[in-house]
Amino acid sequence: MTHEPTIEATAIDWLIRQRDPAFADWERFSDWLGADPAHASAYHELALLDGDLEALPVHPAPANDAPAEPARLSRRWWLGGALAASLAVVAGIGVLRQAPDTQRIETALGETRTVALADGSRIALNGGSAILLDKADPRRATLERGQALFHVVHRDEAPFRVSVGAAQIVDVGTVFDVTRTDGRTIVAVSEGAVVYNPASSNVRVDAGRRLAVDDSGGQAVVGPVSPASVGGWQAGQLVYDGAPLSEVAAEIERTTGVRISTSPGAAAIPFRGAFQTSADEARMVEDLAALSGTRATRDTGGWTLSR
């Protein structure tokens with residue numbers, strides 16, 4: 001892999017900046033990607049390598065060992081100098097061809113992470129989530145569990161596809177949220193539309209609609225959802241219109257890291273209204289209990305909501 005040094009340095013700079021959960025400069029990043037095919041190529045190749053660099057030391061190499069480079073490239077050594085070594089190995093003996101076909105990204109409860117794709121699309125992961133990205137096909141992802149918000153750059157000739165269990169979701173120019181937990185899939189669309197299982201079920205879900213389906217073979221149920229509420233977990237603002245309390249508790253747990261379970265008698269209680277997550281754990285759970293008409297009890301494993 002060879003690229004103009006300044007392009008490579010800028011791509012690395014974008015990768016480093018996007019590690020910050022507060023990163024919001026997506027519009028300028030998209031403009032940079034689209035300005036030159038070499039930009040997208042360099043970024044994509046480095047992003048694939050970046051998934052294997054999480055365990056590398058973040059301290060610079062000793063000054064007497066580091067080759068002299070322009071100041072513009074100084075942040076490159078934030079990766080411990082190992083990225084340059086990795087690139088040299090890939091270019092010299094083709095190690096890249098031996099890499100796994102997928103990149104797995106996982107978040108802990110209460111942790112969020114945004115992944116930028118080479119085409120300008122991005123995926124925001126909520127806590128307690130795991131996603132697989134296909135290195136051979138950047139227009140494909142598999143949500144193993146948890147919750148992800150997809151901002152997709154639509155291409156008619158290459159629609160973006162998300163696999164969930166045995167099902168597939170295909171974008172039709174879109175911003176959509178997918179939740180995968182305990183054999184159940186929920187898709188909520190904020191912009192555009194998606195098609196659920198186009199080869200079989202072929203259910204279209206437009207903006208302002210929400211699909212829920214179980215792996216057990218039940219029919220997909222489509223209902224309304226506020227487009228503004230889709231992905232609200234990013235800002236800690238959760239809005240529900242009749243969602244089962246068990247789903248509400250699970251989303252709050254992913255978002256905050258606070259473990260909340262529901263008793264069998266409370267799990268199916270329909271929850272309606274807006275809920276703001278809070279740093280005050282006890283108050284947040286007590287507010288949820290009050291709004292749902294349940295009782296919250298605390299034990300060593302977290303909280304339980306019951307009637």
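The values are calculated or read from the model by the stated rules, or taken from the named source; none is laboratory data. What you see is a predicted model; the values in this text were computed from it and never measured. All Cβ positions, glycine included, derive from the backbone under ideal geometry; neighbour counts span all protein chains shown.
The figures follow:
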| item | result |
| --- | --- |
| Filter result for Gly208 (free of Cβ contacts under 8 Å to residues at least 12 places away in the same chain, farther than 22 Å from Ser292 by Cβ and outside the structural domain of Gly293 (by TED's automatic domain parsing)) | no |
| Pick from segment 217-248, criterion touching a Gly at 6+ places or on another chain (Cβ under 7 Å) and in a strand (DSSP E or B), ranking: surrounded by the most Cβ atoms within 10 Å (Cβ to Cβ) | Tyr240 |
| Condition met for Gly192 (free of Cβ contacts under 8 Å to residues at least 24 places away in the same chain, touching a Gly at 6+ places or on another chain (Cβ under 6 Å), surrounded by fewer than 19 Cβ atoms within 10 Å (Cβ to Cβ) and more than 22 Å from Pro270 (Cβ to Cβ)) | no |
| Complete set of residues in segment 173-203 that are under 22 Å from Leu238 (Cα atoms), of a type in the set (Ser, Thr, Tyr) and assigned to a strand (DSSP E or B) | Thr179, Thr181, Thr185, Ser190 |
| Out of Val258, Val248, sole residue that is in contact with an Asp or Glu (Cβ under 6 Å, 6 or more places away or on another chain), closer than 29 Å to Arg122 by Cα and outside the structural domain of Ile186 (by TED's automatic domain parsing) | Val258 |
| Lone qualifier among Val285, Val258, Val239, Val221 - being closer than 17 Å to Arg180 by Cβ and among the aliphatic types (A, V, I, L, M) | Val221 |
| Count of residues meeting criterion [polar (S, T, N, Q) and in contact (Cβ under 8 Å) with a residue 40 or more places away in the chain] in segment 106-141 | 4 |
| Selection from segment 269-307 of residues that are of a type in the set (Gly, Ala, Ser), assigned to a strand (DSSP E or B) and closer than 12 Å to Val258 by Cβ | Ala296, Gly302 |
| Subset of segment 251-307 (residues that are of a type in the set (Val, Ile, Thr) and either farther than 25 Å from Val230 by Cβ or modelled with pLDDT of 90 or more (or both)) | Ile252, Thr255, Thr256, Val258, Ile260, Thr262, Ile269, Val285, Thr294, Thr297, Thr300, Thr304 |
| Residue ID - farthest from Leu245 (Cα to Cα), chosen from residues in segment 262-287 that are acidic (Asp, Glu) and surrounded by 14 or more Cβ atoms within 10 Å (Cβ to Cβ) | Glu281 |
| Candidates Ala108, Ala88, Ala116, Ala130 - the one that is among the aliphatic types (A, V, I, L, M), closer than 22 Å to Asp13 by Cα and modelled with pLDDT of 55 or more | Ala116 |
